[in-house]
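Take a look at the structure set out below.
The values are calculated or read from the model by the stated rules, or taken from the named source; none is laboratory data. Only a predicted model underlies this, so the values are computations on that prediction, with no experimental measurement involved. Cβ placement follows ideal geometry from the backbone for every residue including glycine, while neighbour counts extend to all protein chains displayed.
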Amino acid sequence: MKASDLVVKALEAEGVEYIFGLPGEENADVVMSLIGSKIKFVLCRHEQAAAFMADAYGRLTGKAGVCLGTLGPGATNLVTGVADANMDRAPLVAIIGQADTKRLHKESHQAMDAIAMYRPITKWAQTVSHPRNVPEVIRKAFKLAEVEKPGATIIELPEDLMKDDTSAKVMEVRKTRRPAADHKAVRMAADLIAKAKSPMILAGNGALRKRAAKQLRRLARKTGIPVINTFMGKGAVPRADPHCLFTIGLQAKDWANHAIDQADVVIAIGYDLVEYSPAAWNKTAGKKIVHIDFTGAEVDDAYPIAVEIVADIADALWQLNEELNRRFAPKRQLPLNKISRWSKLRAKILDDFAAEKDDKSFPMKPQRILWDVREVMGPGDILLSDVGAHKMWISRYYQCDEPNTCLISNGFCSMGFALPGSIGAKLAHPDKRVLSINGDAGFLMNFQDIETAARLKLNIVAMVWCDNEYGLIKWKQQNQFSGRHFDLAFTNPDFELLAKAFGVWGKTLKKPGDLKPALEQAFRQPGPAIIAVPVDYAENRKLTKRLGELQVQI
């Protein structure tokens, strides 16, 4: 068959449901081969947005999201979304066009070495050099994208090769089994946990994948050990669970940091150092760290490992749970620790979260906004946070009941992620409410794809926090330069009129009591909706000051 037809057959064999992207001359054969395929092509308005859609889709489903661009500027536009998926451990396969192989050796229109550009930001990048290689290249790209730790891979398809005929056959897709935990390492971890005076679990991004959260919750309840999660580990333990000590990562003197300072043993489960540097939480001497992850620990002098279990996380935790059962269940010594020790701290944190829930001021305080949002969103509904000052507030105040219900880019931290990401999330889970929270700066970076959502009649809701500044940069500059900051102000459109121009529902809030009704109305729309919320970011420095003065007795 024609090579481009074989590409589509191979993608179908991989279970691909959607391809997000833009057509061009050099990928035209592949796009035309999609006609009649069961794969749905989602025509986007910008390649970066297409990559973010594939990023969120991959993270939520565990199957590689697929995005498509052409050569030159199409390939460069994909870069940010591809890098974001790779560093945030979302499986993604990007397919790009390339010029005719007969002109790649010389200076030629739009031709560039895209593979060299992508190698530093992907797990694997490869051009198809012959039509018969198509099945192997596609199978390898998906295998590497989805195997732990997941990330991004790139396939480059030269224009002329896609027109050629080939007799190559699609390869069978086989599941890759992950290795089991080493028995000696499991016993050593159990020894440390049994002897610990004040153990703590730190749950990272990997704790939400491959059924790991279920076994993590068993471990917490079996041992009586509290769990702190990173920004990307939200939902590893439900917010109502007495073992949940919420989120670490906002500032070095928050509640969770004081709690982890007390730990003599930290069990780091699925923790990626890109999420939150160990130098920010391992500040007290004598901690013993148990590293449980799909891959070996990064070398960092603030992350010294006492025991390292490199294996499938769910299997490692299951073995650890069974080892603790064998040792202590017959003597009725489980749980090993009293979780009630942490109940007063949990109560203080919950009081902190609720302190501004009835605040009547306007523009609205971030704390009040997120209290109302949490009340409207169900346990399985999905919130996506863009990058900006609002991300810091979401990370602290928006707590979760289930894994993968709050998507935060905290590895690559790219602005412009949330709105297009919400399209990928809604296609992955059409039965769930999907809300993106954006700053007014990041929102306009990929706003054009609100048209994509409208065309697909997807009810995604985009909330925009309006302060007319680059708020997070201002916050950081004020903290670093004694309250001073660079000129970071800009003007905004009327977001309600902007929504109307795209034929979608929009509302600009005038008072705090309007937020919950507006959200409910937005989620009833047949397509996307936009809610603009004026926000009081004077709260940023107030929070910095309050956390700097926080006194915690445990």
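Computed quantities for the displayed model
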{"read-out": "Qualifying residue in the range 63-70 (condition: farther than 28 Å from Lys175 by Cβ and in the same structural domain as Ala152 (by TED's automatic domain parsing))", "value": "yes"}
{"read-out": "So Gly270, is it within 18 Å of Ala212 (Cβ to Cβ), surrounded by fewer than 17 Cβ atoms within 10 Å (Cβ to Cβ) and either of a type in the set (Val, Ile, Thr) or under 24 Å from the mean Cα position of the chain (by Cα) (or both)", "value": "no"}
{"read-out": "Test: residue in the range 118-127 that is touching a Pro at 6+ places or on another chain (Cβ under 8 Å) and touching a residue at least 60 places away in the same chain (Cβ under 8 Å)", "value": "no"}
{"read-out": "Pick from the range 247-266, criterion assigned to a loop (DSSP other than H, G, I, E, B) and not charged (D, E, K, R), ranking: nearest to Ala194 (Cα to Cα)", "value": "Ala263"}
{"read-out": "Residues located in the range 498-554, provided they are small (Gly, Ala, Ser) and touching a Cys at 6+ places or on another chain (Cβ under 8 Å)", "value": "Ala532"}
{"read-out": "Some residue of the range 172-185 being free of Cβ contacts under 8 Å to residues at least 60 places away in the same chain and of a type in the set (S, T, N, Q)", "value": "yes"}
{"read-out": "Residues that are assigned to a loop (DSSP other than H, G, I, E, B), within 27 Å of Met445 (Cα to Cα) and among the charged types (D, E, K, R), drawn from the range 1-59", "value": "Glu17, Glu25, Glu26, Arg45"}
{"read-out": "Residue identified as among the hydrophobic types (A, V, I, L, M, F, W, C) and without any contact (Cβ under 8 Å) to a residue 40 or more places away in the chain among Val307, Val299", "value": "Val299"}
{"read-out": "Residue tally, condition of a type outside the set (S, T, N, Q) and over 30 Å from Lys140 (Cα atoms), over the range 161-202", "value": "19"}
{"read-out": "Selected residue (criterion: modelled with the lowest pLDDT) from residues of the range 470-481 that are crowded, with 19+ Cβ neighbours inside 10 Å and closer than 23 Å to Gln48 by Cβ", "value": "Gly471"}
{"read-out": "Tally of residues being assigned to a loop (DSSP other than H, G, I, E, B) and surrounded by fewer than 20 Cβ atoms within 10 Å (Cβ to Cβ) across the range 482-508", "value": "14"}
{"read-out": "Unmet requirement for Asp372, which otherwise passes all of (1) surrounded by fewer than 22 Cβ atoms within 10 Å (Cβ to Cβ); (2) under 21 Å from Ala207 (Cβ atoms)", "value": "(2)"}
{"read-out": "Matching residues, the range 353-362, being surrounded by fewer than 18 Cβ atoms within 10 Å (Cβ to Cβ) and in contact (Cβ under 8 Å) with a residue 12 or more places away in the chain", "value": "Ala354, Ala355, Lys357, Asp359, Lys360, Ser361, Phe362"}
{"read-out": "Test: residue in the range 442-461 that is crowded, with 24+ Cβ neighbours inside 10 Å and free of Cβ contacts under 8 Å to residues at least 60 places away in the same chain", "value": "yes"}
{"read-out": "The listed residue being surrounded by fewer than 21 Cβ atoms within 10 Å (Cβ to Cβ), assigned by TED's automatic domain parsing to the domain that holds Leu78, over 20 Å from Glu25 (Cβ atoms) and in contact with a strand residue (DSSP E or B) (Cβ under 8 Å, 6 or more places away or on another chain), out of Ile138, Ile115, Ile121", "value": "Ile121"}
{"read-out": "Sole exception among (1) under 19 Å from Lys234 (Cα atoms); (2) in contact with a Ser or Thr (Cβ under 6 Å, 6 or more places away or on another chain) for Ile292, by number", "value": "(2)"}
{"read-out": "Residue within the range 268-282 that is assigned by TED's automatic domain parsing to the domain that holds Thr230, in contact (Cβ under 8 Å) with a residue 12 or more places away in the chain, out of contact with any helix residue (DSSP H, G or I) (no Cβ under 8 Å at 6 or more places or on another chain) and in a helix (DSSP H, G or I) present", "value": "yes"}
{"read-out": "Members of the range 328-351 found to be assigned to a helix (DSSP H, G or I) and surrounded by fewer than 17 Cβ atoms within 10 Å (Cβ to Cβ), listed by number", "value": "Ser340, Arg341, Ser343, Lys344, Ala347, Lys348, Leu350, Asp351"}
